[in-house]
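Trainee: Take this structure first; my questions come after.
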Amino acid sequence: MTPASSAARYFDAIAAALGGLDIFLRDDRSPLYRHDLVARVVSEYVVRLENSFACWKNRLGFTKSFRIQRAESGYPVFQTVLELENDRRTAQKRLAAIPEPDTLRAEMADFILRNKAFPHALQASMAERLYLEEVGTGLIFSPFVLPRTIRLSVNPNTMRPVYVTHWGAFDGVANLPMIYMGTIEDSSDRMVSTIVGADGKVRDGLGIDFPVDGLLNPDLAHGFDAFAEKNSAYSLSPATIAGNLDKDFATLHPKQLRRIVLGPFYSAGVTEHNATVSGILEKVRRAENAWLLTWTVQEVYSKGVIPGRKGLWSKEPDREELFIDTADFEAARMGVSAYERHALIPHEAYQLLYASGEAKGIFAGYKVHIVSNGKVISDV
């Protein structure tokens, strides 16, 4: 397989996989749809991934540099993610130096007429312009996607505001895109008096239009952005991240933290991280069906509050008592209260895996979802 055909196969496969994941997220029978807020948040990041891959595909029109991590995640290497982010920031400046599309088309036609040859250089300029126009919109999966608050409520037991906030990170070591969702209680006096009414509910007339960029508390928003960027590595367990948040912010109390790890991704003829899966996917007749996408949902939540100490000379705030399911070895290893592993695969590929007798072993511990005729069948 030539590099060009291998790249085309990879881009077709990842586009089909992300399209299938989008169908799954919007299906009212899917497990994530039952948590509609989770499904909506994940859908936003799937769109970012789709846009990123569309940009990378267009980038091949003027550069031959594109590498993926074949033996691990199946995603582009982190350097490629950094380059995309840099191009996003410099897109407008670079676009100013490239002629408008109509001018380029006229120059290409003139070149063909005068030279009886194809204008490769002009074609590359056109491809670069289209790429920069797309990446310049900004809606890509950056190395770090800033937090946004999407929901506000009041904890009736504590009479404190509770925020649901999400952010994203593309891990530079594991080469995996990740989505974080935090349910965070705020005991700041200012926010309690501003948000909580006498009836114990969110005050009317606050005029908050969700989503809100950053944490809803303006005094802590910048600090929370910095915290999230520093504490979003794949190597950190959700319990560690929630614990760090609890320690770093005296008035922020993590009640729940979810992490959705999108990957690994398997593509026939391209990725090499599972010989059994790769060998069977190679036999799939239609290349656009020769893939497998997995993801993991991890969750840690607070099971109670450890009261702080208050004295004349020192004061320690309350701390969250995070629950780790030590009865489950994998949950304890991950540092989570609970987790789920999911796998999405086209019907044709699943049939081959099932016929080979390998499906049970490959999908042990996974909830399997099969893409078939524009629909997703779960619980197979």
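Trainee: For HIS253, all conditions in the list (1) of a type outside the set (Phe, Trp, Tyr); (2) in contact with a Phe, Trp or Tyr (Cβ under 7 Å, 6 or more places away or on another chain); (3) not in a loop (DSSP other than H, G, I, E, B) hold save one; what is the number of the exception?
Mentor: (2)
Trainee: Considering only residues that are free of Cβ contacts under 8 Å to residues at least 60 places away in the same chain and either of a type outside the set (Gly, Ala, Ser) or not in a loop (DSSP other than H, G, I, E, B) (or both), which ones fall in region 65-84?
Mentor: Step one: list which residues in region 65-84 are free of Cβ contacts under 8 Å to residues at least 60 places away in the same chain, which gives 65-67, 79-80, 83-84.
Residues satisfying the conditions are PHE66, ARG67, GLN79, THR80, GLU83, LEU84.
Trainee: Taking region 343-380 as the search range and keeping residues that are more than 26 Å from the chain's Cα centre (by Cα) and of a type in the set (Asp, Glu), which one is surrounded by the most Cβ atoms within 10 Å (Cβ to Cβ)?
Mentor: Our first condition is that a residue be more than 26 Å from the chain's Cα centre (by Cα); within region 343-380, this holds for 348, 351-361.
Among the residues that remain, those that are also of a type in the set (Asp, Glu) are: 348, 358.
Working: GLU348: 17, GLU358: 15.
Across region 343-380, the extreme among qualifying residues is GLU348.
Trainee: Pull out all pairs, ordered by first then second residue, where Cβ-Cβ is under 9 Å, the residues are six or more apart or on different chains, the first lies in region 195-223 and is more than 18 Å from LEU245 (Cβ to Cβ) and surrounded by 11 or more Cβ atoms within 10 Å (Cβ to Cβ), and the second is of a type in the set (Asp, Glu) and at pLDDT 95 or above.
Mentor: Hits for this filter: ILE195/ASP186.
Trainee: Taking the criterion of being surrounded by 19 or more Cβ atoms within 10 Å (Cβ to Cβ) and at pLDDT below 90, would at least one residue in region 69-82 satisfy it?
Mentor: There is at least one residue in region 69-82 that is surrounded by 19 or more Cβ atoms within 10 Å (Cβ to Cβ) and at pLDDT below 90.
Trainee: Also, I was wondering about something else. Quick one: which strands (runs of 3 or more DSSP E) sit completely within region 113-223 and have at least 2 residues that are over 31 Å from the mean Cα position of the chain (by Cα) and within 26 Å of LEU82 (Cα to Cα)? Spell out the reasoning first.
Mentor: Working: elements: 144-155, 160-170, 177-186.
Where strands (runs of 3 or more DSSP E) fall fully within region 113-223, none carries at least 2 residues being over 31 Å from the mean Cα position of the chain (by Cα) and within 26 Å of LEU82 (Cα to Cα).
Trainee: Select, from GLU320, GLU340, the only residue that is at negative phi, in a strand (DSSP E or B), surrounded by 14 or more Cβ atoms within 10 Å (Cβ to Cβ) and under 25 Å from the mean Cα position of the chain (by Cα).
Mentor: Working: GLU320 fails: under 25 Å from the mean Cα position of the chain (by Cα).
Answer to the check: GLU340.
Trainee: Exactly one of (1) more than 17 Å from ARG48 (Cα to Cα); (2) not assigned by TED's automatic domain parsing to the domain that holds MET191 is unmet by THR149. Its number?
Mentor: So THR149 meets the others, but not (2).
The values are calculated or read from the model by the stated rules, or taken from the named source; none is laboratory data. Everything numeric here is computed off the predicted structure, so don't read it as measured data. In this analysis, Cβ positions are derived from the backbone assuming ideal geometry, glycine residues included, and neighbour counts consider all displayed protein chains.
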